[in-house]
1. Among the numbered criteria (1) open to solvent by less than 20 Å² (accessible area, probe 1.4 Å); (2) of a type in the set (S, T, N, Q); (3) modelled with pLDDT of 95 or more, which one does N171 miss?
2. Which of the numbered conditions does G91 fail, given that it passes all the others? Conditions: (1) without any contact (Cβ under 8 Å) to a residue 60 or more places away in the chain; (2) at negative phi.
3. What residue, among those in region 218-234 that are touching an Asp or Glu at 6+ places or on another chain (Cβ under 8 Å), in a helix (DSSP H, G or I) and aliphatic (A, V, I, L, M), is modelled with the highest pLDDT?
4. Looking at this structure, is V188 more than 30 Å from N228 (Cβ to Cβ) and part of a loop (DSSP other than H, G, I, E, B)?
5. What's the total number of residues in region 302-336 that are aliphatic (A, V, I, L, M) and outside any helix (DSSP H, G or I)?
6. Looking at region 268-323 only, could you name the residues that are touching a helix residue (DSSP H, G or I) at 6+ places or on another chain (Cβ under 6 Å), open to solvent by less than 10 Å² (accessible area, probe 1.4 Å) and within 24 Å of H172 (Cα to Cα)?
7. Would it be correct to say that A165 is in contact with a Pro (Cβ under 7 Å, 6 or more places away or on another chain) and open to solvent by less than 30 Å² (accessible area, probe 1.4 Å)?
8. Going through region 146-170 one residue at a time, which ones are within 15 Å of A65 (Cβ to Cβ), assigned to a helix (DSSP H, G or I) and within 11 Å of the chain's Cα centre (by Cα)?
Amino acid sequence: MNTARTTTRHRPVLALTAGAALALATACGTTEPAADPQAGGEEWTFSDGSGDEVTLPERPQRVVAYSGVAAALWDYGFEVVGVFGPVDGVGGEPAPQIGDVDTEQVETLSQTYDELNIEALAALDPDLIVTHAFDDLLWYLPEDSIDQIEAVAPVAALQVTGVSAEQQLQNHLDLAVALGVDPESADVTEARATYDEALARLDAATEANPDLKVLAVSAAPDSFFVGNAAAGGDLALFQEHGVNFPETSAPDTDEYEQLSWEEADTHPADLILQDARPGRTTVQELADQPIWRGLPAVRAEQVGEWRSETPYSYLRYAETVNALAEDIEESEPLEG
């Protein structure tokens, strides 16, 4: 285990913001990749703007990350050494959270929530561990083992709660830059251009179909949750580009409005987007639910995917935005 690291903090979680990541890059003195770590270098300090800091002798080289963070870093050219969180998807396909991470090259420490092999983590000798935070909850890291985990390496957490998708995209890019990615590299500039093109396509689709009512749901045999765009995240981004989501009764802090199946028609919809995460009920499985079959959008076969855990990289979001634009282009308002 590498003991040449120090951590100063007043709270158990470090919330990485865009400003904090830029501070990281500034602390290193450059956005260019770090010099050979054996040749020495400037101290690398992370601050979340609240007095909490992670200080390392130099820029971290060996990073272990939650799969969604790892995917974003990988898209920008920074390769992690280990991941935890979803890796394997349905039917032998990779989980959407893992993106293009080479799982043959990278150690998978755990795919089960709240479980992590500390010995396997220590064997990777990481300089830094990165995950998401939902308020004070460190995503996929076992709460009762945080002290042991932080004894291996400092933990930085990208705050998700209350943060817009656009800000999340910038925060993840800022983290990559702080870790040595060139912000002017082809990986970055081409991804950003592709994302901008996807948003332009979504703008055109919603302008051409302004009355189309869209509902993002996470439906299961015994539950029916409706996505709340007011809570921020991906739905708020789509709404800003003209997607017509309903106003739910959920507080702005809640990502979902919970309804019974008998209330599934509370929000009329011309297009339904069903939760596409691994382990969630598929559209094919929902075909056995009579109320689902009776919804107008389902009868009209206007059902798409809600890719609610798309990694926060411009490349991944471009794919998701293009898929949504295509669903809107191929749908039409329904009567009644």
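The values are calculated or read from the model by the stated rules, or taken from the named source; none is laboratory data. In this text the structure is predicted, and so the values were computed from the model without any measurement. Here the Cβ is made from the backbone with ideal geometry for all residues, glycine too, and neighbour counts use every protein chain on show. Side chains included, ligands, DNA and RNA excluded: accessible areas come from the protein's heavy atoms. Shrake-Rupley method; radii C 1.70, N 1.55, O 1.52, S 1.80 Å.
1. Of the numbered conditions (1) open to solvent by less than 20 Å² (accessible area, probe 1.4 Å); (2) of a type in the set (S, T, N, Q); (3) modelled with pLDDT of 95 or more, the odd one out for N171 is (3).
2. (2)
3. Restricting to residues being touching an Asp or Glu at 6+ places or on another chain (Cβ under 8 Å), in a helix (DSSP H, G or I) and aliphatic (A, V, I, L, M), the top hit is A230.
4. no
5. Here the count works out to 2.
6. Matches in region 268-323: P311, S313, Y314, Y317, A318, V321.
7. Working: in contact with a Pro (Cβ under 7 Å, 6 or more places away or on another chain): no; open to solvent by less than 30 Å² (accessible area, probe 1.4 Å): yes.
For A165, the condition - in contact with a Pro (Cβ under 7 Å, 6 or more places away or on another chain) and open to solvent by less than 30 Å² (accessible area, probe 1.4 Å) - is not met.
8. Q168 - this is the single residue of region 146-170 that is within 15 Å of A65 (Cβ to Cβ), assigned to a helix (DSSP H, G or I) and within 11 Å of the chain's Cα centre (by Cα).
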